[in-house]
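Reading through the structure tokens given below for one structure.
What follows is calculated from the coordinates using simple rules that are stated; it is not laboratory data. Treat the numbers as computed from the prediction; the structure is a model and nothing was measured. Here the Cβ positions follow ideal geometry from the backbone for every residue, glycine too, while neighbour counts run over all protein chains shown.
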Amino acid sequence: MPEPILEVRDLTVHFYTYAGIVKAIEKVSFDVYKGETFALVGETGCGKSVTSRALTQLIESPGRIVGGKVIYHRDDGSTVDLLKLSEEEIREIRGKEIAYIFQDPHASLDPLYTVGYQIAEAMVVHKTVKDWKEGFKRAVDILRQVLIPDPEKRVKNYPHEMSGGMKQRVVIGIGVSNNPRILIADEPTTALDVTVQAQILDLMNELKRKYNTTLILITHNMGVVAEMADRVAVMYAGKIVEVGSVDQIFKNPLHPYTKGLLRAVPNPLGKIEKLEAIPGTVPNLITPPAGCRFHPRCPYASEVCRQKIPELKEIEPGHFVACHLY
Ligand code: SF4
């Protein structure tokens, strides 16, 4: 049996705006296993980034985590609900045991400090080095690991002196600097050129293998999922609609939305000649559709779909779907 490192149960986040309460994610539940790459996929605005940020309480006003649990299994076998920790306690874990790589390296790095300072700072703050001198020495090693040429010189560079790909390598370096148990990568290659994307994905895979890190990958790119993930959760309008292994999702998708998603993108594991769009648009999450949130766009919708919220059910070992058809 795979060992869970995170158990997310009924995670719910709302944003309190002047226009109304945006129900960004509702009762989201999934497990992440030790050492795997778990992908959260879905189109823009489906709630995948909000889910990833809520795992360590990184939700800012006007957002609020209004329910759920995130059970974290520590190395010593004990467990803790990350949502019950104080800000001081969660800071001890965030960046050290659970680290993030965000989408835009330009926004992630501070233009006023050298990249060496920013890598060293992550270790000094979490006391994984004894002082700044050791931090800077480790920063050079980290730049070497993330394949930055001439790291002794580059460590003194400011972010503006580097290309987008190099900056994203630095952000990955900051992410892995404390050897985290879980690395959450939120669209880590979206802001980069296609050729650089492939290099960054290779690098992340290699670092993950080397440090035996659990990777949670947030992406809308099914090609990246096929290349990187062991298991996949598909999100639609703030809900998880299907979870399975990468083979189950690509070869035997069950949920009508997952099927539509795969027909709408070039499928790296299959042959599809004509790409099809999913009719309609994503719903307004201030007033989401009753019952199944996908029903206004679903060709199989029936009366029960308009009234009853489908629960995630296990259809075959490890393959779950939330749809009244099953
Ligand atoms: Fe379509 Fe109904 Fe399944 Fe929702 S529950 S995906 S509307 S068939």
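Observations, loosely collected:
- Single condition A122 does not satisfy, out of (1) within 19 Å of the chain's Cα centre (by Cα); (2) assigned to a helix (DSSP H, G or I); (3) among the aliphatic types (A, V, I, L, M): (1)
- All positions within the stretch 277-299 that are surrounded by 12 or more Cβ atoms within 10 Å (Cβ to Cβ) and either touching a residue at least 60 places away in the same chain (Cβ under 8 Å) or farther than 18 Å from T12 by Cβ (or both): I278, V282, L285, I286, P288, F294, H295, P296, R297, C298
- Within the stretch 300-312, considering residues that are surrounded by 13 or more Cβ atoms within 10 Å (Cβ to Cβ) and within 23 Å of V8 (Cβ to Cβ), the one nearest to the ligand (Cβ to nearest atom): P310
- Test: residue in the stretch 157-169 that is within 16 Å of the chain's Cα centre (by Cα), surrounded by 21 or more Cβ atoms within 10 Å (Cβ to Cβ) and free of Cβ contacts under 8 Å to residues at least 40 places away in the same chain: no
- When E134 is tested against (1) crowded, with 18+ Cβ neighbours inside 10 Å; (2) assigned to a helix (DSSP H, G or I); (3) of a type outside the set (G, A, S), only condition (1) is not met.
- Residue that is nearest to the ligand (Cβ to nearest atom), among those in the stretch 313-326 that are of a type in the set (A, V, I, L, M, F, W, C) and out of contact with any His (no Cβ under 8 Å at 6 or more places or on another chain): L325
- Within the stretch 207-265, the residues that satisfy the criterion of being under 15 Å from the mean Cα position of the chain (by Cα) and within 16 Å of the ligand (Cβ to nearest atom) are A233, V234, M235, Y236, G238, K239, I240, V243.
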